[in-house]
Amino acid sequence: MLCAWTLLVWYAVAAEERGGNLTVAFLDVGQGDAIYIESPTGAQVVVDGGPDTSVVRELGEIMPFYDHTIDILVVTNPDKDHLAGFLDVLRAYKVGALVEPGTVGASAEYRALEALAAERGVQRVLARRGQKVELGGGAVLEVLFPDRDVS
């Protein structure tokens with residue numbers, strides 16, 4: 001039994017080796033978008049969550065099985081096909097921050113996302129042109145729009 005645990009730990013350590021590469025993956029979530037970004041230092045960002053639970057399945061394919069944290073979720077607009085999948089992401093992963101454009105969504109999914117983010121203690125950030133997030137290893141996420149208060 002101890003041998004099996006030792007092998008599992010060494011497997012996890014080897015799998016965690018980043019290799020200094022930037023990873024960008026476009027996830028198959030049906031209609032809508034979901035983009036996974038991992039910096040060379042391991043910072044993880046998901047841009048949009050698609051319309052349903054597909055994003056959690058896709059993240060399970062690309063992320064290590066033991067990794068249940070995501071640094072940043074980015075919502076580009078408050079429509080269901082951009083954010084509904086984030087409800088399941090917030091339930092399945094520990095998320096550091098939720099970046100939003102500031103537009104107010106009328107959908108029940110948007111209101112549920114706001115409530116779940118607050119319940120989970122996720123930091124909420126209002127995106128503005130010129131903001132930069134250093135992801136590490138030379139990777140930078142830069143906000144191009146919105147360029148004004150759109151609320």
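In table form, for the structure just shown:
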quantity: Given (1) free of Cβ contacts under 8 Å to residues at least 40 places away in the same chain; (2) open to solvent by 20 Å² or more (accessible area, probe 1.4 Å); (3) out of contact with any strand residue (DSSP E or B) (no Cβ under 8 Å at 6 or more places or on another chain); (4) among the hydrophobic types (A, V, I, L, M, F, W, C), index of the condition VAL140 fails; calculated: (3)
quantity: Residue in region 111-132 that is in contact with a Gly (Cβ under 7 Å, 6 or more places away or on another chain), small (Gly, Ala, Ser) and outside any loop (DSSP other than H, G, I, E, B) present; calculated: no
quantity: Every residue from region 70-101 that is open to solvent by 50 Å² or more (accessible area, probe 1.4 Å), within 15 Å of the chain's Cα centre (by Cα) and more than 20 Å from ALA139 (Cβ to Cβ); calculated: ARG91, LYS94
quantity: Qualifying residue in region 102-123 (condition: under 24 Å from PRO40 (Cα atoms) and open to solvent by 30 Å² or more (accessible area, probe 1.4 Å)); calculated: yes
quantity: Verdict on ASP67 being outside any helix (DSSP H, G or I), open to solvent by 40 Å² or more (accessible area, probe 1.4 Å) and at pLDDT 95 or above; calculated: no
quantity: Test: residue in region 11-29 that is part of a helix (DSSP H, G or I), at pLDDT below 95 and under 24 Å from ARG91 (Cα atoms); calculated: yes
quantity: Positions within region 33-56 being touching a residue at least 40 places away in the same chain (Cβ under 8 Å) and over 16 Å from LEU113 (Cβ atoms), in sequence order; calculated: ILE37, SER39, PRO40, THR41, GLY42, ALA43, VAL45
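The values are calculated or read from the model by the stated rules, or taken from the named source; none is laboratory data. Remember, predicted model here, so these are calculated numbers, not experimental data. Ideal geometry is used to build each Cβ from the backbone, glycine not excepted, and the neighbour counts take in all protein chains shown. Surface accessibility is based on the protein's heavy atoms, side chains included, excluding ligands, DNA and RNA. Shrake-Rupley method; radii C 1.70, N 1.55, O 1.52, S 1.80 Å.
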